[in-house]
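Participant: Got a structure here, written out as structure tokens. Questions coming.
The values are calculated or read from the model by the stated rules, or taken from the named source; none is laboratory data. Fair warning: this is a prediction, and the values are worked out from it, not measured in the lab. Cβ: placed from backbone, ideal geometry, glycine included. Neighbour counts: every protein chain shown. Protein only, heavy atoms only, side chains kept; ligands, DNA and RNA dropped before computing areas. Shrake-Rupley method; radii C 1.70, N 1.55, O 1.52, S 1.80 Å.
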Amino acid sequence: MFRLILLTLLIIVAVPCEWTPSTTARLAFAAEPLNVVVTLPVLKDWVQQIGGSHVRVVSLMTGYESEHTYSPKPSDLVAVRKASLLFEVGAGLEVWVSSLVKNAGNASLQVVTTSKDIELIQDHAEPAGDTHAHQHAAGNPHVWLDPGAAATMVQHISSAMVAADPAHAPEYRTNTAAYLQSLLRVQEESLERLHKVPNRAVIVHHPAWPYFARRYDLRIAGTILTQPGGEPSARHLHTLIEAIKRDHIRVIISEVQLNQKVPQLLARETGAHIAVLTTLPGGLPGTETYLDMLRYNVLQLAQALEQT
Ligand SMILES: [Zn+2]
């Protein structure tokens, strides 16, 4: 009997506490999706994989643009003003982010650099080229093309989302764990696919591929565009043609975001095959997610290397 009274008392005491105005406000707030802005569509995919219906995410760039020549639109400022979180790759890639954030004047915005803790590859001069590769002080920023580095980036995104929206933290953690498993599986499948290919040397369109090449044990024998947004000189093209012929390089990785004329010219001159790949999800049909893009790039490249 005493227990029953105690239980009743507890319920009476507990119920009003559940419905204080602050709790109601918090619940209403939790029902609002977490507003996130990302610079590149690859980051948008990861935010969606982790956050599902609890996030509203805007990518400033589409998969059709080059990450080096992008300049923010007025709508980007509006998106940044409304956001709680902004994810960037960092490593000197999105040079336009700091002024965009400053202009937006959103005091509650948290900017997260997802390439943190990833050891960057330093660009160096072409073996026989005429110019330096990307002029990034920090190192080459195209880390996301290595699925191993992608896992680190996903973990940074997940931690920031868990901290910004604790109401959905368990769900974010579960989704992250499931995604990291899928990522590992696709990485293993793609390693297996490229493992059998005997000729592993490629010419690349711009210096986006060192992390990818390291993961898949490919040799980058030359780079067409060593300056973002620039044009290769006649002398550089001549050097590339000589190298392709001399070293029997059979594949040119061309990127859909960049002009196809020079890769086509090199292919005509040398008989090498072109594999048109994408550095960003959504750049080509069938590459809407990061995992789709990884599978697509590896398959196209493997098929081109096997034609030789
Ligand atoms: Zn790039």
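Participant: May I ask you to list the residues in region 253-267 that are closer than 14 Å to Pro228 by Cα and of a type in the set (S, T, N, Q)?
Facilitator: The answer is Gln257, Asn259.
Participant: Within region 42-67, how many residues are among the β-branched types (Val, Ile, Thr), crowded, with 21+ Cβ neighbours inside 10 Å and either outside the structural domain of Trp144 (by TED's automatic domain parsing) or assigned to a strand (DSSP E or B) (or both)?
Facilitator: Of the residues in that region, 2 qualify.
Participant: Moving on to the next point. Could we say that Asp217 is closer than 29 Å to Val57 by Cβ and among the acidic types (Asp, Glu) here?
Facilitator: The answer is no for Asp217.
Participant: If a residue must be touching a helix residue (DSSP H, G or I) at 6+ places or on another chain (Cβ under 8 Å) and surrounded by fewer than 17 Cβ atoms within 10 Å (Cβ to Cβ), how many such residues does region 289-308 contain?
Facilitator: Selection size over region 289-308: 1.
Participant: Name the residue that is nearest to Ala267 (Cα to Cα), counting only residues in region 204-221 that are more than 16 Å from the ligand (Cβ to nearest atom) and open to solvent by less than 60 Å² (accessible area, probe 1.4 Å).
Facilitator: Applying the filter and picking the extreme gives Ala221.
Participant: Among the residues that make up region 291-304, is at least one of them hydroxyl-bearing (Ser, Thr, Tyr) and under 15 Å from Ile224 (Cα atoms)?
Facilitator: no
Participant: Report yes if Gly229 is within 12 Å of the ligand (Cβ to nearest atom) and either surrounded by 13 or more Cβ atoms within 10 Å (Cβ to Cβ) or farther than 14 Å from Glu269 by Cα (or both), otherwise no.
Facilitator: Against the criterion (within 12 Å of the ligand (Cβ to nearest atom) and either surrounded by 13 or more Cβ atoms within 10 Å (Cβ to Cβ) or farther than 14 Å from Glu269 by Cα (or both)), Gly229 qualifies.
Participant: So how many residues does region 62-90 have that are within 16 Å of the ligand (Cβ to nearest atom) and at pLDDT 95 or above?
Facilitator: Total meeting the criteria: 3.
Participant: Right, here's the next one. Return only the number of the condition from (1) of a type outside the set (S, T, N, Q); (2) under 18 Å from Arg295 (Cβ atoms); (3) within 16 Å of the chain's Cα centre (by Cα) that Lys196 does not satisfy.
Facilitator: (3)
Participant: Tell me, which residue of region 124-181 that is in a loop (DSSP other than H, G, I, E, B) and among the polar types (S, T, N, Q) is modelled with the lowest pLDDT?
Facilitator: Thr131
Participant: Modelled with pLDDT under 95, more than 13 Å from the ligand (Cβ to nearest atom) and open to solvent by 50 Å² or more (accessible area, probe 1.4 Å): does that describe Pro198?
Facilitator: yes
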